[in-house]
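Worksheet for the structure shown next.
The values are calculated or read from the model by the stated rules, or taken from the named source; none is laboratory data. Just so it is clear, the model here is predicted, and its values are computed rather than measured. All Cβ positions, glycine included, derive from the backbone under ideal geometry; neighbour counts span all protein chains shown. Side chains included, ligands, DNA and RNA excluded: accessible areas come from the protein's heavy atoms. Shrake-Rupley method; radii C 1.70, N 1.55, O 1.52, S 1.80 Å.
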Amino acid sequence: MDLFLVFDHGDGVLVGVFLTLLIMSLATWAVAAAKLFALIRRRRTTRDSMDAIARSHRAAELEPRLAGRDDPTAALARAGLQAVRDYRGPLDGDAQARQRLDEALIRGIRQALDRQETRLQAGQLLFATVGSLAPFVGLFGTVWGIYGALIDLSSAKSVSMGLVAGPLGEALVATAAGLAAAIPAVLFFNLFNRSHRLYRQTLDAAAHDVHSLLMNDPDLATWAAPRRQSFAQPATSASRPAEV
């Protein structure tokens, strides 16, 4: 069946249904292609970032090895480094001080992990929406097309098989178009959802490694001293008594 006949002879509602399904399908394939490209690139860069974390034993070694990297694993490691820099308490001291540092570090890494999870889930909402909505849009087009065909038949003087088959066939194609848009969307949703779950395990492992590296770094206070001094300088100036 020539689908262009629907646009030539169908009414505005039926044409609108097919255009909606076409936009849904194009958006699904475009987002899927973008996510696939990002997935391939992310896997390649993540291996290098995980290797950089594994080869580092101090923050001073890890920081330069993350330069120029923009994958989620590197962003997670940089968030851990930034959490140490922003921490206002002592970096070395008794067990209570270490506990407060541990809590601040976990909080910073956890927030970065949540941000990366949100980025990984981008596009999944589109797949879920198209997969659940497209069949009903197609079904609506079918019902509307059958209704229009029956109205036309009621006003016809004579009814033949050709007169019935054409309009009904155009109406039924709307259901097929809805399924054609929905099936790839559901497939992409499941495939990328599984990929995200597997990659989340990699991020969890990276978060654990970064946390362990920073908490066991004997030179952590020395490494973070320049940034922390810039925080402390205004307070030192404010506490100095005014000269008369």
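Is it the case that some residue within the range 33-47 is out of contact with any Phe, Trp or Tyr (no Cβ under 7 Å at 6 or more places or on another chain) and either closer than 15 Å to M215 by Cα or not in a helix (DSSP H, G or I) (or both)?
no
Evaluate the range 196-215: report whether one residue or more is at pLDDT below 90, touching a Lys or Arg at 6+ places or on another chain (Cβ under 6 Å) and crowded, with 18+ Cβ neighbours inside 10 Å.
No, that holds for no residue.
Hey, does the range 90-98 have a residue that's open to solvent by less than 90 Å² (accessible area, probe 1.4 Å), without any contact (Cβ under 8 Å) to a residue 40 or more places away in the chain and part of a helix (DSSP H, G or I)?
Yes - at least one qualifying residue is present in the range 90-98.
Please go through the range 102-119 and pick out each residue that is charged (D, E, K, R) and open to solvent by less than 100 Å² (accessible area, probe 1.4 Å).
D102, E103, D114, E117
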